[in-house]
Structures are given as C-alpha cells and as structure tokens.
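The structure appears right after this line, and notes come after that.
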Amino acid sequence: MDSNKFQFAIDRGGTFTDIYARCPSGKICVMKLLSVDPSNYQDAPREGIRRILEEETGVSMPINEPIDGEHIDWIRMGTTVATNALLERKGERMALIINKGFKDLLFIGNQARPRIFDLKIETPQVLYDEVVEMNCRVIPAFPDQCLLKNLGYGEWVKWKQVIGTTGEKLFVCQELDEAETERYLIELKKMGINSIAVVLGHSYMYPEHEIKVGCIAKSVGFDHISLSHQVMPMIRIIPRGFTVCADAYLTPHIHKYVNGFAAGF
C-alpha cells in the first residue's frame, strides 16, 4: 500500500452511499450521498471520491470528466447492487439449460412446506425467462446391474461407463447432441438472451456435458455462461440449480455496475 495516496472504503446502499477516505496527510474524510441522484451525478461512489480529491488536493476535477487515478492507492466497496436487483427482479435476462424431462424442476423445487396448513401457497418467481431441455443423461452405475433391467433400462449393457471426479462409476445413457445444442442456443440469442445457467444431473462429478454446452455457448456468442459444476460443485441438483441461476441472473448486472464505475477513472 502507498501511504502517499488516498485510500477509499465505500458502502453503497440502496438509499445512501457512505465514503470513508484516508488522506496522504493522515486526515480522515467521510461523506454521505444519495445512492441515486441522476440530476446531480451519475454514480454516488465516484462522485464522493471526486469531491474528496478535489477538496483535499486543490485540483479542479470537472464532474463530467474522468477522475485521475494517480492520486488513489486503492478503493474497496461493498454494495447492495446485487441484493436490490434480486429483490426487485431487475437482473439480466437469462435462460436455464437442464436435462430433458426436468423443465419444471426448479419451479417445483423440493416441495418444502414450512407453513403446512396455509391454504394459499405463494411460490417465488423463477429467475429465468426461457428453459431449454438437453437430451443428455448420466446416471450412477448401480452395484446390482439386474436392478437396471428391472427399472426398464434394458439397454444398459451398451452404455459407456465412466469414472466421476468422486471416484464413483457412472453410465452415460445419452451423449450430448452438440449440433442440436448449438441450434437451441442460437435461438436463445435471437430472443435477446445473453446469459445462461447450465445445470445437468450429476454434473458435480461428471461435468463433461456442461463443459461442452459452455464451449458451444461461448462460440455462439453468449456474454455470460454459468456452469453449475463450477459455481457450486455439490450434490443435489435443485440447490445447485438455484445457485447457478442466481449467478447467471446477477453476475452480469454486477459486471455492468463495476465497469460503469471504473469507466469514470
């Protein structure tokens, strides 16, 4: 750290933004601004930094010009941008990619009923605008192969057997159709969707199908791709799905804010 430069700690809340600055002289400056005040400034944290620098250095810094970062050692900021976007449903438009037959899985959830006698159950609104079902499937290899036949999997002998990252054996019942995947993703792009959340069964220990979807999505031109085995590599598809959807919904929104903030320097 450079003690000859300004150091800023900022808390950007939904209503007010608080700026704490340690000046090269050792002086401490604090400032409170409205987080949203478009008639006076575009971004509250940046405006607070500008005012403090201008006052303490005596150098004129016009409000519409980028701030000279030469005076700044570091800026640390905590913000409720993501929390507010989630509560107000103002995140990025995104699509969910999931196994065929599981289209409504995250809408159904785990059937939890914390207030079991309520006559009117209100379920949370889903974050995704579209759902695409991928015809690919991986299942654990049962110790008793006869059980597979009894469950109706008469073709199990033809399936490819793989070893997951956990050391467990799995059967690849259906490989991912890459050409079909590309067609689906191109359709999503045409709808104006630039962010996707990919959650496939057992991907926490066999991520290959998710990786392929991610590579195709990148080649198609998606701005943000969230893969569940990277975001939350844990057992149980429902919580993993909720988490990856939140990531695809909020991360682009955060990036836009951070990029907008940084563009003023």
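General observations
- Each Cα pair under 8 Å and six or more residues apart adds its separation to the average, and for the chain the resulting relative contact order is 18 percent.
- Taking Cα atoms only, the orientation of helix 44-57 departs from the longest principal axis of the chain by about 30 degrees.
- Here residue 160 is the anchor, and the lysines within straight C-alpha reach of less than 18 Å, apart from those fewer than 8 places off in the same chain, are 149, 169, 212.
- Sites counted here are GluC sites (Glu not before Pro) in a DSSP loop (not H, G, I, E or B) having no more than 13 other Cβ atoms within 10 Å; the longest part of the chain that contains none of them is 1-121.
- Partner lysines whose Cα lies under 18 Å from the Cα of residue 5, excluding those fewer than 8 positions away in the same chain, are identified as 27.
- When the chain is treated as a GNM with alpha-carbon contacts under 10 Å, the residue of 95, 179, 248 showing the greatest mean-square fluctuation is 179.
- Here the Debye sum runs over all C-alpha atoms of the chain as equal scatterers in vacuum, and log10 of I(q)/I(0) at q = 0.14, 0.15, 0.16, 0.17 Å⁻¹ comes out as -0.99, -1.06, -1.13, -1.20.
- Estimated FRET transfer efficiency (residue 100, residue 3; beta-carbon r; R0 45 Å; 0.05): 0.15
- By the helix-only formula, in which each DSSP H run with n ≥ 4 contributes -39500 (n - 2.57) and the sum is divided by residues, the chain has a 222 nm mean residue ellipticity of -10000 deg cm²/dmol.
- Across the accessible surface of the chain, with the other protein chains kept in place and a 1.4 Å probe, carbon and sulfur atoms take up 53 percent.
- DSSP-defined antiparallel bridges as percent of all bridges, the chain, nearest 5: 50
- Taking 19 Å as the straight-line reach from the Cα of residue 189, the aspartates and glutamates in range (excluding those fewer than 8 positions away in the same chain) are 92, 129, 130, 133, 177, 178, 180, 210, 223, 247.
- Dividing the mean sequence gap of close Cα pairs (under 8 Å, 6+ apart) by how many residues the stretch 70-138 holds gives a relative contact order of 46 percent.
- Pairs of C-alpha atoms in the stretch 162-265 farther apart than 20 Å represent 46 percent of all such pairs.
- Accessible surface, per residue, of the chain when the full set of protein chains is kept, probe 1.4 Å, Å²: 58
- Gain upon complete extension [residue 183, residue 65; 0.36 nm per residue less C-alpha separation]: 38.0 nm
The values are calculated or read from the model by the stated rules, or taken from the named source; none is laboratory data. Keep in mind that this is a model prediction, so the values were computed, not measured. Please note: Cβ atoms are built from the backbone with ideal geometry, for glycine as well, and neighbour counts cover all protein chains shown. Surface areas here come from the heavy atoms of the whole protein model, side chains and all, with no ligands, DNA or RNA. Shrake-Rupley method; radii C 1.70, N 1.55, O 1.52, S 1.80 Å.
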